[in-house]
Amino acid sequence: MSKQGIVPCCFPEEILLQIFCNLPIKSLGKCMCVCKAWNCLIKDTSFISSHLNNQFEKCSRNNNHNLLLLITRVRGGGGFKSEYFLHFDDQELSEYTQLQYGPLYYHDVVGSCNGLLCLVNLSSSTIRKFMLCNPIIRKWVRLPRPRLGKWPCQATFGFGFDSRRNDYKVLKITKNSVTSNIEAELYSLKKNLWEILAPPKYDLYSVDYMFFVNGVVHWIGFERLDDDGQSSIKCLLLGFDMSNEVFKEIILPESLSNVPHSHRSRLSRLYVVPYAELSSIAVIEDCFDGERTIWVMKKYGVIETWTKLFRFGRTETRHVPRVLWLRKNGGSMLTASRNWQVFSHDVESNEIQNLEIQGEVFYVFSYVESLVFLDQVIDARSKINASDEVTDDSSDDQVVDAWSESNASDETTDDSSDDQAIDAWSESNASDETTDDSSDDEEDYIRSSH
């Protein structure tokens, strides 16, 4: 491996890699501080990929190792603020840790993939500020501004991984609120640019975020029908294949496809959630008469395998809970009540358990801790991207984390200084046993903002 020093022990490199591959991220951060040789081993691109695959294998062997990212909203400062917590997908949905990382505080999470989060600033007048970040190792890159999507518009986003090219991509679809035109563009991290796509022929059903399953991001689209003066809409499950870069159409069950529609409001509402149990997709139908139906595709891509999994109505509070997530432990789901308190709902027994989670939970994503972005490819580019954007908030665009900045400067220093260039993430992991975690996170963010 390039720039590798002498390994300070008698273990062969292959044995070290096997040991490292089974260590959690926090322990690897400490190992990186031992010597330059270990630092180089852990930061190598092939090791990062191997460690990620090992994480997925652990999760497949034990569902309790699966992590869920719960985005909660709490009152404070005269309004609401979002907080981000990782929970184990066990019976109690035990809390693992809270993500406290600067970029999360002024962006919305719209997608999760391989330990990376796709962030969008939805508070600005134009939806043009995107970031990708790994909150565990505190590295991020700001994306160049999209070319399309002028305000006012509706927008939905999909974030996923192109396994063929080892590339992360963001799909953005917008609907102009004045002209109703649909526009689509795709960002590639490897190319570092947005490309305009021929848009799908179907309308944008909602602004719910897309979910990434089996290499495809999924959302609901529709077309309007007028049969003898009776207005209705035909819905489809739409997808975009991140590797082939093509749109896909998946036919829904007839009861979901032909959704009644009045000139005033929809009589039911559809949304998509992953069906992790079978690595497939599920569609939820909310009927305004008080019923909710869950349809799952038992075999992904085979429309004949659409199955009605469960139907339920109003609870004792006369409220139909929203389905947040179908759990991988089989037969249960996470639901949210009227005040967004989270419950575990067993499909077979119909038993409901209040999980006593503080705050209002309104979005759930799957998550895996990873070292993605640890290699140095992204560092210099993230700073270049930021400086290319000449706007009134250019100072915000030039925020690059201290870890990333120190790695970028490694290329221009000699070996002796390189030995001493320990990144902020690994250094903080080595010292966190004697410091307070929250103050460390705050310090790291303050450093990165200057």
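The values are calculated or read from the model by the stated rules, or taken from the named source; none is laboratory data. Please read all numbers here as calculations on a predicted model, not as lab measurements. Because the Cβ atoms are built from the backbone with ideal geometry, glycine has one as well, and the counts that use them run over all protein chains shown.
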Please go through the stretch 352-370 and pick out each residue that is over 15 Å from the mean Cα position of the chain (by Cα) and either closer than 17 Å to TRP140 by Cβ or part of a loop (DSSP other than H, G, I, E, B) (or both).
-> LEU355, GLU356, ILE357, GLN358, GLY359
Taking LEU324 as the residue in question, decide whether it is part of a loop (DSSP other than H, G, I, E, B), at pLDDT 80 or above and either of a type in the set (Asp, Glu) or under 20 Å from the mean Cα position of the chain (by Cα) (or both).
-> no
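Does LEU86 satisfy the condition of being modelled with pLDDT under 85 and among the hydrophobic types (A, V, I, L, M, F, W, C)?
Numbers: modelled with pLDDT under 85: no; among the hydrophobic types (A, V, I, L, M, F, W, C): yes.
Spelling it out, it is not the case that LEU86 is modelled with pLDDT under 85 and among the hydrophobic types (A, V, I, L, M, F, W, C).
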Return yes when ASN54 is within 16 Å of the chain's Cα centre (by Cα) and either of a type in the set (Val, Ile, Thr) or within 22 Å of GLY160 (Cβ to Cβ) (or both) and no when it is not.
-> no
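Please find, among LEU93, LEU52, LEU86, the residue that is more than 20 Å from GLN358 (Cα to Cα) and among the aliphatic types (A, V, I, L, M). Reasoning before the result, please.
On the way: LEU93 fails: more than 20 Å from GLN358 (Cα to Cα); LEU86 fails: more than 20 Å from GLN358 (Cα to Cα).
Residue meeting the stated conditions: LEU52.
Among the residues of the stretch 6-31, what is the count of those that are of a type outside the set (S, T, N, Q) and either in a helix (DSSP H, G or I) or modelled with pLDDT of 90 or more (or both)?
Step one: list which residues in the stretch 6-31 are of a type outside the set (S, T, N, Q), which gives 6-17, 19-21, 23-26, 28-31.
Among the residues that remain, those that are also either in a helix (DSSP H, G or I) or modelled with pLDDT of 90 or more (or both) are: 13-17, 19-21, 23-26, 28-31.
Of the residues in that region, 16 qualify.
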Being modelled with pLDDT under 85 and of a type outside the set (Lys, Arg) is the filter here, so list the residues in the stretch 109-152 that pass it.
-> ASN121, LEU122, SER123, SER124, SER125, THR126, ILE127, LEU148, GLY149, TRP151, PRO152
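If you go through the stretch 133-187 one residue at a time, how many are outside any strand (DSSP E or B) and within 26 Å of LEU99 (Cβ to Cβ)? Please lay out each step first, then the result.
If we filter the stretch 133-187 for residues that are outside any strand (DSSP E or B), which is where we start, we get 135-138, 143-152, 163-166, 177-181.
Next, from what is left, pick out any that are within 26 Å of LEU99 (Cβ to Cβ): 135-138, 143-146, 163, 166.
Residues flagged as outside any strand (DSSP E or B) and within 26 Å of LEU99 (Cβ to Cβ) within the stretch 133-187 amount to 10.
Would you point out the residue of the stretch 244-257, among those that are modelled with pLDDT under 90 and polar (S, T, N, Q), that is nearest to PRO199 (Cα to Cα)?
Restricting attention to the stretch 244-257, the residues satisfying the condition of being modelled with pLDDT under 90 are 254-257.
Now restrict to residues that are polar (S, T, N, Q): 255, 257.
Details: SER255: 26, SER257: 21 Å.
Checking each candidate, the answer is SER257.
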With VAL178, VAL216 as the choices, which residue is more than 21 Å from LEU119 (Cβ to Cβ), surrounded by 16 or more Cβ atoms within 10 Å (Cβ to Cβ) and of a type in the set (Val, Ile, Thr)?
-> VAL216
Filtering the stretch 219-243 for residues that are at pLDDT 95 or above and surrounded by fewer than 22 Cβ atoms within 10 Å (Cβ to Cβ) leaves a count of 2
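Would you check if ARG73 is over 21 Å from SER370 (Cα atoms) and assigned to a strand (DSSP E or B)? Working first, answer last.
Values: over 21 Å from SER370 (Cα atoms): yes; assigned to a strand (DSSP E or B): yes.
It is true that ARG73 is over 21 Å from SER370 (Cα atoms) and assigned to a strand (DSSP E or B).
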Of all residues in the stretch 156-175, how many are touching a Lys or Arg at 6+ places or on another chain (Cβ under 7 Å) and surrounded by 21 or more Cβ atoms within 10 Å (Cβ to Cβ)?
-> 2
What about TYR84, is it outside any strand (DSSP E or B) and either in contact with a helix residue (DSSP H, G or I) (Cβ under 9 Å, 6 or more places away or on another chain) or surrounded by 18 or more Cβ atoms within 10 Å (Cβ to Cβ) (or both)?
-> no
